[in-house]
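*Asks:* The structure under discussion is supplied below as structure tokens; questions concerning it will follow.
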Amino acid sequence: MKIFSWRRARAIFSKEFKHIWRDPFTLIMALMLPLAIVLILGNSIEFNIKSINMAYVDADKTSASRKLVETFGSSNYFRPYDIDNPDAIYDDIVAGRARVGLVMPPGFEKDVMGDGASVQVLVDGTETSTMSSVANYLNTINQNAYFKIMDVPLNASAQNLQFKVRYLFNPELNSRWFAVPGLSAVIIALVAIMLTTLTICREWERGSMEMLLSTPATRLDIIVGKVAPYAILSFAGFILVFIIARVVFGVPFIGGYWQLILGTWLFILGYLAIGLLISVSTKKQEVAIQYAEIIGLLPTVILSGFVFPIEYMSRGYQYVSSLFPARFYMDITRDQFLKGSLFFDIWWLYAILAFQALVILLFCVFRFKRSLE
């Protein structure tokens with residue numbers, strides 16, 4: 001008997017596809033869940049912090065102090081509001097009404113026109129990810145405020161060295177352009193691993209696996225027939241996410257469609273294989289879901305580079321993240337959306353995804369037993 005037969009695999013594929021079509025929960029998981037996640041998280045994720053509440057005390061009451069406050073307000077990064085007592089700034093920060101406090105002492109205008117003035121800035125340091133951005137904003141506002149107070153053009157500078165920064169691929173530093181392509185990797189992984197995690201377990205718990213094992217179908221026939229329908233559904237979910245990214249969020253795409261499609265298929269196969277491996281190993285749906293969350297979902301979010309850059313992690317965690325296909329697909333999808341590198345520049349990412357998918361699928365074949373033990 002042949003190790004693999006397209007005819008036997010096609011019969012299993014047809015059976016599984018009919019089961020999916022009759023199961024509303026599976027269709028919702030495959031099609032509606034990606035839409036809901038990308039719309040909710042795509043609108044809520046924002047790495048550029050804006051409209052930070054800032055309490056300020058103006059003890060100078062001069063034109064210079066007013067121009068400093070105006071510079072903060074016109075930047076769109078801060079929302080300044082006036083209070084009378086400097087001690088109240090600390091209370092507002094503790095109460096969460098303000099994240100930043102500004103104290104301008106008496107004689108501020110006289111000092112800034114002379115040798116230089118200093119103001120006190122109090123920053124809530126409990127959220128370091130947010131407040132690190134505030135420090136960058138303050139450097140820019142400091143220079144703009146000085147030019148405004150001295151009534152000189154903003155492009156003027158007393159320094160001999162000037163940096164003219166140009167941001168490539170994302171000139172406006174739009175967070176959604178960065179987050180939504182990465183979010184597609186998380187969504188595809190979520191759908192693929194959850195769908196296939198339950199497929200073999202469901203057969204065992206319903207007793208239909210005994211009938212399937214009594215057929216001439218080999219282990220490879222069963223695995224291919226089981227995986228193929230969920231691969232198609234996962235790719236359909238990717239198409240929906242891609243359309244939303246382009247139409248709703250306006251994310252540009254300057255890469256090659258075939259490169260993104262190739263990387264997506266390799267990534268889908270890798271996570272389908274992980275879900276199938278969990279399903280084959282556990283044989284119980286409740287246990288399989290727990291393993292899927294621990295092994296697949298959490299590393300996909302934390303160790304893929306979606307939130308935390310891989311290069312800033314410790315060496316040990318970088319090695320661990322390399323075990324999951326999401327890390328390499330995250331680079332492919334962001335690259336193709338924003339940068340558009342040629343295949344020969346990033347071919348090794350595709351090679352790693354293909355190798356991971358092949359190894360996990362082969363392990364599933366050897367792990368799957370044609371017995372009722």
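The values are calculated or read from the model by the stated rules, or taken from the named source; none is laboratory data. As the structure is a computational prediction, the values presented were derived from the model and not from experiment. A quick note on method: Cβ atoms are made from the backbone with ideal geometry, for glycine too, and the neighbour counts reach across all protein chains shown. Areas reflect the complete protein model, heavy atoms only, side chains present, ligands, DNA and RNA absent. Shrake-Rupley method; radii C 1.70, N 1.55, O 1.52, S 1.80 Å.
Okay, residues lined up against (1) of a type in the set (Gly, Ala, Ser); (2) over 23 Å from LYS18 (Cβ atoms):
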{"residue": "ALA217", "(1), (2)": "yes, no"}
{"residue": "ASP221", "(1), (2)": "no, no"}
{"residue": "TYR230", "(1), (2)": "no, no"}
{"residue": "PHE235", "(1), (2)": "no, no"}
{"residue": "GLY255", "(1), (2)": "yes, yes"}
{"residue": "TRP258", "(1), (2)": "no, yes"}
{"residue": "GLY275", "(1), (2)": "yes, no"}
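*Asks:* May I pose another question? Could you list, in sequence order, all residues of the range 55-74 that are surrounded by fewer than 17 Cβ atoms within 10 Å (Cβ to Cβ) and either of a type in the set (Asp, Glu) or touching a residue at least 24 places away in the same chain (Cβ under 8 Å) (or both)?
*Replies:* Restricting attention to the range 55-74, the residues satisfying the condition of being surrounded by fewer than 17 Cβ atoms within 10 Å (Cβ to Cβ) are 59, 61, 63, 66, 70, 73-74.
The answer is ALA59, SER63, GLU70.
*Asks:* Out of (1) surrounded by fewer than 15 Cβ atoms within 10 Å (Cβ to Cβ); (2) not in a helix (DSSP H, G or I); (3) not acidic (Asp, Glu), the odd one out for PHE25 is which?
*Replies:* Failed condition: (2).
*Asks:* Further question: Return yes when PHE169 is outside any helix (DSSP H, G or I) and modelled with pLDDT of 80 or more and no when it is not. Explain how you work it out, then say what you get.
*Replies:* Details: outside any helix (DSSP H, G or I): yes; modelled with pLDDT of 80 or more: yes.
Against the criterion (outside any helix (DSSP H, G or I) and modelled with pLDDT of 80 or more), PHE169 qualifies.
*Asks:* Looking only at residues in the range 200-242 that are touching a residue at least 12 places away in the same chain (Cβ under 8 Å) and among the charged types (D, E, K, R), which one is most open to solvent (accessible area, probe 1.4 Å)?
*Replies:* Going through the qualifying residues, I end up with GLU210.
*Asks:* Follow-up. Across the range 11-54, which residue is farthest from GLU172 (Cα to Cα) among those that are among the hydrophobic types (A, V, I, L, M, F, W, C) and more than 33 Å from the chain's Cα centre (by Cα)? Steps first, please.
*Replies:* Let us first name the residues in the range 11-54 that are among the hydrophobic types (A, V, I, L, M, F, W, C), namely 11-13, 17, 20-21, 25, 27-33, 35-41, 45, 47, 49, 52, 54.
Those left that are additionally more than 33 Å from the chain's Cα centre (by Cα): 11-12.
Numbers: ALA11: 52, ILE12: 50 Å.
Only one residue fits best here, namely ALA11.
*Asks:* Just name the residue that is modelled with the lowest pLDDT out of those in the range 214-228 that are over 15 Å from ARG367 (Cα atoms) and over 35 Å from the mean Cα position of the chain (by Cα).
*Replies:* SER214
*Asks:* If you take the residues of the range 255-270 that are small (Gly, Ala, Ser) and closer than 19 Å to LEU183 by Cβ, which of them is surrounded by the fewest Cβ atoms within 10 Å (Cβ to Cβ)? Quick ask: steps written out before the conclusion?
*Replies:* The first filter runs over the range 255-270 and keeps only residues small (Gly, Ala, Ser), leaving 255-256, 263, 270.
With closer than 19 Å to LEU183 by Cβ added as a condition, the list becomes 255, 263, 270.
Values: GLY255: 22, GLY263: 26, GLY270: 28.
Of everything passing the filter in the range 255-270, GLY255 is surrounded by the fewest Cβ atoms within 10 Å (Cβ to Cβ).
*Asks:* In addition: Within the range 243-254, take every residue that is open to solvent by 20 Å² or more (accessible area, probe 1.4 Å) and in a loop (DSSP other than H, G, I, E, B) and give me the one that is farthest from LEU183 (Cα to Cα).
*Replies:* Here is the first cut: in the range 243-254, the residues open to solvent by 20 Å² or more (accessible area, probe 1.4 Å) are 243, 246-250, 252-254.
If we keep only those that are in a loop (DSSP other than H, G, I, E, B) too, we end up with 248-250, 252-254.
Numbers: VAL248: 14, PHE249: 12, GLY250: 15, PRO252: 15, PHE253: 15, ILE254: 18 Å.
Looking at residues that are open to solvent by 20 Å² or more (accessible area, probe 1.4 Å) and in a loop (DSSP other than H, G, I, E, B), I get ILE254.
*Asks:* Within the range 1-22, track down each residue that is open to solvent by 100 Å² or more (accessible area, probe 1.4 Å) and either aromatic (Phe, Trp, Tyr) or part of a loop (DSSP other than H, G, I, E, B) (or both). Can you show your working first?
*Replies:* Pass one, the range 1-22, residues open to solvent by 100 Å² or more (accessible area, probe 1.4 Å): 1-3, 6-7, 10, 18, 21-22.
Scanning the range 1-22 gives MET1, LYS2, ILE3, TRP6, TRP21, ARG22.
*Asks:* Enumerate the pairs (first residue in the range 244-256 and under 15 Å from GLY42 (Cα atoms); second residue anywhere and small (Gly, Ala, Ser)) with beta-carbon separation below 8 Å, excluding pairs fewer than 6 apart on the same chain, so at least 6 apart or on different chains.
*Replies:* Short answer, once both residue conditions are applied: ILE244/GLY42; ALA245/GLY42; ALA245/SER184; VAL248/GLY42; PHE249/GLY42; VAL251/ALA245.
*Asks:* A follow-up question, please. Restricted to the range 38-54, and to residues that are part of a loop (DSSP other than H, G, I, E, B) and either among the hydrophobic types (A, V, I, L, M, F, W, C) or modelled with pLDDT of 85 or more (or both), which residue is surrounded by the most Cβ atoms within 10 Å (Cβ to Cβ)? First the steps, then the outcome.
*Replies:* If we filter the range 38-54 for residues that are part of a loop (DSSP other than H, G, I, E, B), which is where we start, we get 45-51.
Going one step further and asking which of them are either among the hydrophobic types (A, V, I, L, M, F, W, C) or modelled with pLDDT of 85 or more (or both), we end up with 45, 47, 49.
On the way: ILE45: 16, PHE47: 14, ILE49: 18.
Ranking the candidates gives ILE49 first.
*Asks:* Next up: Among the residues of the range 29-37, is there at least one that is touching a Lys or Arg at 6+ places or on another chain (Cβ under 7 Å), open to solvent by less than 50 Å² (accessible area, probe 1.4 Å), assigned to a helix (DSSP H, G or I) and within 30 Å of LEU212 (Cα to Cα)? So that I can check it myself, show each step before the final result.
*Replies:* Kept after step one, since they are touching a Lys or Arg at 6+ places or on another chain (Cβ under 7 Å), are these residues of the range 29-37: none.
The answer is no; no qualifying residue exists.
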